[in-house]
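Undergrad: The structure under discussion is supplied below as structure tokens; questions concerning it will follow.
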Amino acid sequence: MADKYQNKGFNKILNKKRAEKVMEYVSGDECLEIGCGEGQITKYLLSKFDFVTVIEPNLENFKLKGKKLETIQDELELVEPTVMYDSIVCTNVLEHVDNPVVFLNYMKEWAHDSSTIFISVPNARSYNRLLGVDAGFIDSPEELTDQDIDAGHQRMYNIKTLMADVEEAGFDIIESGTMIYKPLPNYLMNKLPNNIIKKCLDFPMKGNGAEIYVVCEKR
């Protein structure tokens, strides 16, 4: 999904850490990535799988090519499944779509009974958003900021609401968690020295990381 902030500043670091988390869970021969953006995670998937398919409404900035890669430029719900994939990756997409449960049901059609599905979204309960509430910048962690709206976000998830949508769509959750300590908004994180950024990335997270994820399978 389009997000003009996704490959700039601290987001570039988030992309790498997100990809590393994805790679902990995905397996098999063929992988489907839904909403690949500019290919920040795709390049990691290509190093692991025999074949990768990406479905993305806008491939204008997607430059990866190769015999192991199939690109489909379209909305997920308009593409008829022809293959079921061993792993499905969908990162930073659900916050953009009109109806997440309907979207997840379309995703389910691409999975077989033992497929691994990895889904991640920004965390409404991240430390930087909780700080924003305390400072009076937002009324609640789930409130959409001007930057959220500018990025095309339609909602902010916490782990309970993410799990609820995934389960309502007919998936069983194998594992859930959070990742990436981000105490400040990105524009302030960009100003921190590298040694502080590294300490943030190494900081263990229990529930308030910058992003949340679920690993699931079709029920």
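Undergrad: With (1) of a type in the set (Ser, Thr, Tyr); (2) within 28 Å of LYS182 (Cβ to Cβ); (3) surrounded by fewer than 22 Cβ atoms within 10 Å (Cβ to Cβ) as the list, and SER114 as the residue in question, which single condition is left unmet?
TA: Among (1) of a type in the set (Ser, Thr, Tyr); (2) within 28 Å of LYS182 (Cβ to Cβ); (3) surrounded by fewer than 22 Cβ atoms within 10 Å (Cβ to Cβ), SER114 violates only (2).
Undergrad: Something else now. Any idea how many residues of the stretch 117-153 are farther than 30 Å from MET84 by Cα, in contact with a Phe, Trp or Tyr (Cβ under 8 Å, 6 or more places away or on another chain) and aromatic (Phe, Trp, Tyr)?
TA: 1
Undergrad: Looking at the stretch 161-219, which of its residues are charged (D, E, K, R), under 16 Å from GLU24 (Cα atoms) and in contact with a Phe, Trp or Tyr (Cβ under 7 Å, 6 or more places away or on another chain)?
TA: GLU217
Undergrad: Can you report the number of residues in the stretch 1-54 which are among the acidic types (Asp, Glu) and either within 30 Å of ASP146 (Cα to Cα) or at pLDDT below 95 (or both)?
TA: Result for the stretch 1-54: 4.
Residues checked against (1) part of a loop (DSSP other than H, G, I, E, B); (2) among the basic types (Lys, Arg); (3) crowded, with 16+ Cβ neighbours inside 10 Å:
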position	(1), (2), (3)
THR178	no, no, yes
TYR181	yes, no, yes
LEU188	no, no, no
LYS191	yes, yes, no
ILE196	no, no, no
PRO204	yes, no, no
GLY207	yes, no, no
VAL214	no, no, yes
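Undergrad: Determine which member of the set LYS21, LYS67, LYS48, LYS63 is part of a helix (DSSP H, G or I) and either buried (at least 21 other Cβ atoms within 10 Å of the Cβ) or of a type outside the set (S, T, N, Q) (or both).
TA: That would be LYS21, the only listed residue that is part of a helix (DSSP H, G or I) and either buried (at least 21 other Cβ atoms within 10 Å of the Cβ) or of a type outside the set (S, T, N, Q) (or both).
Undergrad: Another question about this same structure. Would you mind finding the one in LEU104, LEU78 that is surrounded by fewer than 18 Cβ atoms within 10 Å (Cβ to Cβ) and of a type in the set (A, V, I, L, M, F, W, C)?
TA: LEU78
Undergrad: Here is a further query. Return the residues of the stretch 64-82 that are closer than 21 Å to HIS112 by Cβ and among the basic types (Lys, Arg); say none if nothing qualifies.
TA: LYS68
Undergrad: Still on this model: Of the conditions (1) outside any loop (DSSP other than H, G, I, E, B); (2) modelled with pLDDT of 95 or more, GLU142 satisfies every one except a single condition; which number is it?
TA: Against the list (1) outside any loop (DSSP other than H, G, I, E, B); (2) modelled with pLDDT of 95 or more, GLU142 comes up short only on (1).
The values are calculated or read from the model by the stated rules, or taken from the named source; none is laboratory data. The shown structure was predicted, so the numbers you read here are calculated from the model rather than taken from an experiment. Counting neighbours? That spans all protein chains shown, and the Cβs are built from the backbone with ideal geometry, glycine included.
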